[in-house]
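Okay, structure first, notes after.
The values are calculated or read from the model by the stated rules, or taken from the named source; none is laboratory data. Small disclaimer: the values here were computed from a predicted structure and weren't measured. Here the Cβ is made from the backbone with ideal geometry for all residues, glycine too, and neighbour counts use every protein chain on show. Please note that ligands, DNA and RNA were not included when accessible areas were found on the heavy atoms of the full protein model with its side chains. Shrake-Rupley method; radii C 1.70, N 1.55, O 1.52, S 1.80 Å.
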Amino acid sequence: MSKDARTDDERNVLRFFDDWARSDASLLAQYFTDDAVYTDIGEASRERGRTNIATYLTNLFDRCSLKIETLHIASRDDIIFSERVDYIRMKSG
């Protein structure tokens, strides 16, 4: 986790980013509420609800792994900004 985090919200976001490297869909699903909507821009997919999000992530992790490198993070009120690099490794070669 980056040492740049200054608030609990920023630390939570960084934990969420760090947990992607574990490829554990059930762990990541805990960050979402039952009425959450997860949109994967790269896949043009939109999943609703914690259970559907977990299923989607399980299928995603069957195909690839992801590591997130956070370069900077900042927040103001309830908005968090992050600058990051996502490293995606496909399992199919």
Total charge dipole magnitude, segment 1-92, about the Cα centre, Cβ charges on Lys, Arg, Asp, Glu only, Debye to nearest 20: 320 debye
0 to 90° range, to nearest 10: angle between helix 50-63 axis and the chain longest Cα axis: 70 degrees
Rough spin-label spacing in nm, given labels placed 7 Å along Cα→Cβ, for residue 89 and residue 74: 3.3 nm
Per-residue [θ]222 nm for the chain (sum of -39500 (n - 2.57) over DSSP H runs n ≥ 4, rounded to 500): -10000 deg cm²/dmol
Kirkwood Rh, angstrom, the chain [1 / mean 1/r, Cα pairs]: 14.1 Å
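Provide the per residue accessible area, probe 1.4 Å, for segment 1-59, rounded to a whole number of square angstrom. Could you put the intermediate results ahead of the total?
Working: 3780 Å² over 59 residues.
I get 64 Å² per residue for segment 1-59.
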Angle in degrees between helix 8-19 and the longest Cα principal axis of the chain, rounded to the nearest 10: 30 degrees
